[in-house]
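Enquirer: Pasting a structure below so you can have a look.
The values are calculated or read from the model by the stated rules, or taken from the named source; none is laboratory data. Being a predicted model, the structure only gives us computed values, none of them experimental. As a convention, Cβ positions derive from the backbone with ideal geometry for all residues, glycine included, and neighbour counts pool all protein chains shown. For the accessible areas, the whole protein counts, side chains as well, though only heavy atoms, and no ligand, DNA or RNA atoms are used. Shrake-Rupley method; radii C 1.70, N 1.55, O 1.52, S 1.80 Å.
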Amino acid sequence: MKYDVIIAGAGAAGIMCAIEAGKRGRKVLIIERAEKIGKKILISGGGRCNFTNKKVTSKNYLSANEHFSKSALARFSQNDFIALVEKHGIAYHEKTLGQLFCDGSSREIISMLAVECANAGVEIKVNCSIEEVKKETSFLLQTTAGEFECDSFVIASGGLSIPKIGATNFGYKVADQFGLSIVTPYPALVPLLWSDKDRSVYGDLSGIALPVTVTCGKVSFSESMLFTHKGLSGPAILQISSYWKEGEAISIDLLQHIDLEKMFLKYRTVRSELGYILSRQLPKNFVQKWCGANYPSKPMNQISDKDLRKISEMLHKWKVVPTGTEGFEKAEVTAGGVDTKELSSKTMEATKIGGLFFIGEVVDVTGWLGGYNFQWAWSSGWAAGQAV
Ligand SMILES: Cc1cc2nc3c(=O)[nH]c(=O)nc-3n(C[C@H](O)[C@H](O)[C@H](O)COP(=O)(O)OP(=O)(O)OC[C@H]3O[C@@H](n4cnc5c(N)ncnc54)[C@H](O)[C@@H]3O)c2cc1C
């Protein structure tokens, strides 16, 4: 069967591209390996899909080229997606930091996209995997359901995160086949792991959450952090994990709203113990473990000024050296991907291979936590949809 446009993958990016291409009168087919469309949308945002963010700029993305995302994000912005959501009467709310979630369920976003696909005349084939791609004058696709042909071929097959729900390396394989370079993919928005020593101290604090500012290199995030059996998680840690490289330390300000050195001055002459003073600001269990590992608790009036300064510094800049991440199994996204220098930022078409497009997570553009990854999927999908 011959189509104008075939899209590999019925995730956020692929569906948005299909809708736009269909609206332009193109004969469009989406081929999806899984048994249904939008499986990641379904599980996103804890089942409520954090579909975009009220404030989106290219600064909310990691990429070897920080400017690449600008054009697509400007041409189809968060406001355009919000307008679509409102057109379909989907109720939503802002949770925190501009993050917009459905009041009901992620299913509403999938239904909205399915209706838009139907209105645009898009065909969708599920339970079908693309196995081989050849380019002659058009693209010839060998699939588990036979051969297909198209003039424009769009790769929207996502990254490597959560293989359990169908992630594949298909997009990178196609890029490689056509000689396009790839920025090595790595798990991002992912929990970090304790060293053996830290696990033996902090491992049973699992479940404790704290507001913190976490820093890696020049990047900082102020959000909540969660202790787990294996290491650290929660929004602040997921955010910084995208910037963290093996061997590096992260620095955690455990008392971001307090000047601890000043506070200690108040208690300088009292007999109360350090642990007691600290546990007025931090969870008692944590303070016990921290003191045990770093500075045995004793009465405040027996601690020198120098040591109090040191303790203050250690808690405002708690250094943790993770031994790794929980990997693609647990990563919300894959950072890295098809190198943006191979693609047009306006159309997402490969500059060397006419008719071949890459959109969404498979591209080396990775958003922060907070709706930014879906916005990139909608924006890049929309941009390609205007060009295919
Ligand atoms: C648990 C979880 C929660 C998340 N929550 C949010 C959130 O709330 N907000 C946010 O912005 N981001 C969130 N994300 C990230 C977001 O889901 C992704 O960035 C986004 O879905 C990427 O869209 P995509 O279309 O590029 O790829 P995907 O959604 O991964 O879609 C790719 C599709 O291609 C199909 N495919 C792969 N190989 C082939 C092949 N060979 N042939 C045919 N089909 C193929 C796959 O089955 C899949 O359906 C979350 C991610 C996870 C894992």
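Enquirer: Only residues that are part of a loop (DSSP other than H, G, I, E, B) and either open to solvent by 70 Å² or more (accessible area, probe 1.4 Å) or not assigned by TED's automatic domain parsing to the domain that holds GLY46 (or both): list them for segment 104-137, please.
Expert: ASN127, GLU136, THR137 - these are the residues of segment 104-137 that are part of a loop (DSSP other than H, G, I, E, B) and either open to solvent by 70 Å² or more (accessible area, probe 1.4 Å) or not assigned by TED's automatic domain parsing to the domain that holds GLY46 (or both).
Enquirer: Residues that are closer than 21 Å to GLY207 by Cβ and touching a Pro at 6+ places or on another chain (Cβ under 9 Å), at least 3 per element: which helices (runs of 4 or more DSSP H) completely within segment 233-279 meet that?
Expert: 235-241
Enquirer: Sticking with this one: Could you tell me whether LYS346 is of a type in the set (Lys, Arg), surrounded by 14 or more Cβ atoms within 10 Å (Cβ to Cβ) and either within 30 Å of SER379 (Cβ to Cβ) or in the same structural domain as ALA13 (by TED's automatic domain parsing) (or both)?
Expert: Spelling it out, it is not the case that LYS346 is of a type in the set (Lys, Arg), surrounded by 14 or more Cβ atoms within 10 Å (Cβ to Cβ) and either within 30 Å of SER379 (Cβ to Cβ) or in the same structural domain as ALA13 (by TED's automatic domain parsing) (or both).
Enquirer: Looking at segment 354-369, which of its residues are farther than 15 Å from SER58 by Cα and more than 10 Å from the ligand (Cβ to nearest atom)?
Expert: Those that are farther than 15 Å from SER58 by Cα and more than 10 Å from the ligand (Cβ to nearest atom): GLY354, GLY355, LEU356, PHE357.
Enquirer: Still on this structure, I have one more. Does segment 142-161 hold any residues that are in a strand (DSSP E or B), among the small types (Gly, Ala, Ser) and either within 9 Å of the ligand (Cβ to nearest atom) or within 24 Å of VAL190 (Cα to Cα) (or both), and which are they?
Expert: Passing the criteria: none in range.
Enquirer: Of all residues in segment 2-16, how many are of a type in the set (A, V, I, L, M, F, W, C), farther than 17 Å from TRP378 by Cβ and more than 6 Å from the ligand (Cβ to nearest atom)?
Expert: Summing the residues that are of a type in the set (A, V, I, L, M, F, W, C), farther than 17 Å from TRP378 by Cβ and more than 6 Å from the ligand (Cβ to nearest atom) in segment 2-16 gives 2.
Enquirer: Restricting attention to segment 166-193, which residues are under 16 Å from the mean Cα position of the chain (by Cα) and either open to solvent by less than 30 Å² (accessible area, probe 1.4 Å) or closer than 16 Å to GLU32 by Cα (or both)?
Expert: Within segment 166-193, ALA167, PRO187, ALA188, LEU189, VAL190, PRO191, LEU192 qualify.
Enquirer: Check off (1) open to solvent by less than 40 Å² (accessible area, probe 1.4 Å); (2) more than 19 Å from TRP290 (Cα to Cα) for SER233 and give me the number that stays unchecked.
Expert: Just one mismatch for SER233, condition (2).
Enquirer: Right, another one. Scan segment 162-179 residue by residue and report those that are modelled with pLDDT of 95 or more and either within 7 Å of the ligand (Cβ to nearest atom) or within 15 Å of GLY336 (Cα to Cα) (or both).
Expert: Matches in segment 162-179: ASN169, PHE170, GLY171, TYR172, LYS173, ALA175, ASP176.
Enquirer: Tell me yes or no: at least one residue of segment 325-340 is touching a helix residue (DSSP H, G or I) at 6+ places or on another chain (Cβ under 7 Å) and away from the ligand (no atom under 16 Å from the Cβ).
Expert: Scanning segment 325-340, I find no residue that is touching a helix residue (DSSP H, G or I) at 6+ places or on another chain (Cβ under 7 Å) and away from the ligand (no atom under 16 Å from the Cβ), so the answer is no.
Enquirer: Moving on to the next point. Please go through (1) buried (at least 21 other Cβ atoms within 10 Å of the Cβ); (2) within 18 Å of VAL174 (Cα to Cα); (3) of a type outside the set (Ser, Thr, Tyr) for LYS352 and return the number of the only condition it doesn't satisfy.
Expert: Just one mismatch for LYS352, condition (1).
Enquirer: Which ones in segment 194-230 are open to solvent by 50 Å² or more (accessible area, probe 1.4 Å) and β-branched (Val, Ile, Thr)?
Expert: Correct list: empty.
Enquirer: Restricting to segment 25-63, name every residue that is open to solvent by 80 Å² or more (accessible area, probe 1.4 Å), closer than 15 Å to TRP376 by Cβ and touching a residue at least 24 places away in the same chain (Cβ under 8 Å).
Expert: LYS55
Enquirer: Hey, any hits in segment 100-118 for a residue that's modelled with pLDDT under 95 and of a type outside the set (Lys, Arg)?
Expert: No, that holds for no residue.
Enquirer: Output the residues belonging to segment 31-47 that are part of a loop (DSSP other than H, G, I, E, B) and more than 8 Å from the ligand (Cβ to nearest atom).
Expert: GLU35, LYS36
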